[in-house]
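Heads up: the structure comes next, in structure tokens.
The values are calculated or read from the model by the stated rules, or taken from the named source; none is laboratory data. Only a predicted model underlies this, so the values are computations on that prediction, with no experimental measurement involved. Cβ coordinates were reconstructed from backbone atoms using ideal geometry, including for glycine residues, and neighbour counts include every protein chain displayed. All accessible areas refer to the heavy atoms of the entire protein, side chains included, with ligands and DNA or RNA removed. Shrake-Rupley method; radii C 1.70, N 1.55, O 1.52, S 1.80 Å.
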Amino acid sequence: MAATASAAPAESELDRSGAEEEPRATEPEEDAGSGQTGPTAGAQQHRLVKLPLSRIKTLMKADPDVSLASQESVFIIAKATELFVEMIAKDALVYAQQGKRKTLQRKDLDNAIEAIDEFAFLEGTLD
């Protein structure tokens, strides 16, 4: 009985840390699926991303193939961009820590791009 009591708090701590991030990521999908639009839906989506949605929309419209961009598509692009930047930054941080530094440098990004197959499409873009 004592073993299950000690295991339960550890599981709940893990659930709490995961539960804090997961509902934020799933709320916009639920809103988009229910067809809610308007200021409240936009405000909920805006709080879930850190990048400015208006700037993302402007960048999307700079493409001649894009004439209209829905709020949902702008939100998804912004969220995907945030996740991508977070992933490459974490991978580059490993190389900075190997060099006993706390600040990311361009060579850390270069090393991450060269070492990780997922970033192969970025090779040569920082030159």
| note | Conditions (1) at pLDDT 95 or above; (2) closer than 20 Å to L126 by Cβ -> A78 fails only (2)
| field | Every residue from segment 82-127 that is on the phi > 0 side of the Ramachandran plot and of a type in the set (G, A, S) | value | G124
| Only one residue in V85, V94, V66 is surrounded by fewer than 18 Cβ atoms within 10 Å (Cβ to Cβ) and farther than 28 Å from R47 by Cα. Which one? | V94
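Do the conditions hold for E27, that is, is it at pLDDT 95 or above, of a type in the set (D, E) and open to solvent by 60 Å² or more (accessible area, probe 1.4 Å)? Lay out the reasoning, then the answer.
On the way: at pLDDT 95 or above: no; of a type in the set (D, E): yes; open to solvent by 60 Å² or more (accessible area, probe 1.4 Å): yes.
Answer is no for this residue.
So, R101, is that one over 30 Å from G124 (Cβ atoms) and either open to solvent by less than 100 Å² (accessible area, probe 1.4 Å) or at pLDDT below 95 (or both) or not?
On the way: over 30 Å from G124 (Cβ atoms): no; either open to solvent by less than 100 Å² (accessible area, probe 1.4 Å) or at pLDDT below 95 (or both): yes.
Spelling it out, it is not the case that R101 is over 30 Å from G124 (Cβ atoms) and either open to solvent by less than 100 Å² (accessible area, probe 1.4 Å) or at pLDDT below 95 (or both).
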